[in-house]
Amino acid sequence: MTRALFPAALSVLIALAACHATPDTNVAPTKPSTPVASVAPPAGASWATSVTETTDGGYLRGNPNAAVKLVEYGALSCPHCAHFVQESHDELNAMISSGKLSYELRPYLVHPQLDLPATLLAACNGKDTFFALAEQFFTHQDEWIGPEKFKLLTPDVQKAWATMTPNQLAADVAAHLDLITFVSQRGVSAERAKACLADKSAVDKLNHMMSVADTSFHVSGTPTFVINGGVAADVNDWTALKPKLKAAIGG
């Protein structure tokens, strides 16, 4: 299924905790014959803070040529994704720092009306601040999509979305959820934020990435993890993912 970002007659007042669904593809990583060797970063640099924007539209932390490549299709509105960020932080950073593993986050708009403006704003200041801003959206989900904010998304507001372009929708949702203030407190100017919400090419890129996710990996929910090109089925938290990564690394 290919998803379009154009709004349809569906409510965003859904159970956000139900954002995960198991994809129907599974390629288990095999243990290498010898453990993957560590790779030193360039002089004066750290793999953990090295960020690359990939040709697939995601943001990669770590060694771009790492032997083990972890991709997460994640949504900024997804509680499971937020929990993964918290529980994986230290151990995943250690794996990334070794140069053995890279971690790429590809935004997946599981709740399009919410995730579209948040994703556009997280990427607004470029690759070097993407992960920091994304982590702020994850950490403060209760603030920007909590019950009090949902009250502002009345049936009349949602009805109006059906006549809007994706960029108009992004701006409208951002206004109701006060997302420009949210990111302006975190280093994105209001002027810059408005420009990012109006960027049609950024929306087109997200739409393409959604299409690839659906057709190539059968992504149906978040988080979905891909290890060296194979989707890890029935894995939606760090406890289940960690042994698969260790098997792939060989350590």
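Quick notes
- Its Kirkwood hydrodynamic radius, worked out from the mean inverse distance over all distinct Cα pairs, puts the chain at 18.6 Å.
- For the chain, the longest principal axis of the Cα atoms and the long axis of helix 127-139 meet at an angle of about 70 degrees.
- About the centre of its Cα atoms, the chain shows a dipole size close to 440 debye [charges on the beta carbon of Lys, Arg (+1) and Asp, Glu (-1) only; nearest 20 debye].
- Crossing angle, helix 200-217 versus the chain [Cα axis fit, 0-90 degrees, rounded to tens]: 50
- Average Cα contact separation per residue, the chain, under 8 Å, 6 or more apart, as relative contact order %: 37
- Rounded to the nearest 10 degrees, the angle from helix 112-122 to the longest Cα principal axis of the chain is 70 degrees.
- 25 °C / 0.890 mPa s Stokes-Einstein diffusion coefficient of the stretch 184-251, Kirkwood radius on C-alpha pairs, µm²/s: 164
- Of the residues Gln141, Ala240, Ser216, the one whose Cα sits farthest toward the positive end of the charge dipole of the chain, with +1 on the Cβ of Lys and Arg and -1 on the Cβ of Asp and Glu, is Ser216.
- Dipole of the chain, positive end: most advanced residue of Asn228, Gly57, Val39 [Cβ charges, Cα centre]: Val39
- Helical runs assigned H by DSSP (4 residues or longer) give the chain a calculated mean residue ellipticity at 222 nm of -13500 deg cm²/dmol, each run adding -39500 (n - 2.57) before division by the residue total.
- With one equal scatterer per alpha carbon and no solvent term, the Debye-computed log10 I(q)/I(0) for the stretch 114-209 at 0.17 1/Å reads -0.72.
Just so you know, all these numbers are worked out from the coordinates, no wet-lab data involved. The shown structure was predicted, so the numbers you read here are calculated from the model rather than taken from an experiment. Using ideal geometry, Cβ is built from the backbone for each residue, glycine included, and neighbour counts are taken over all protein chains shown.
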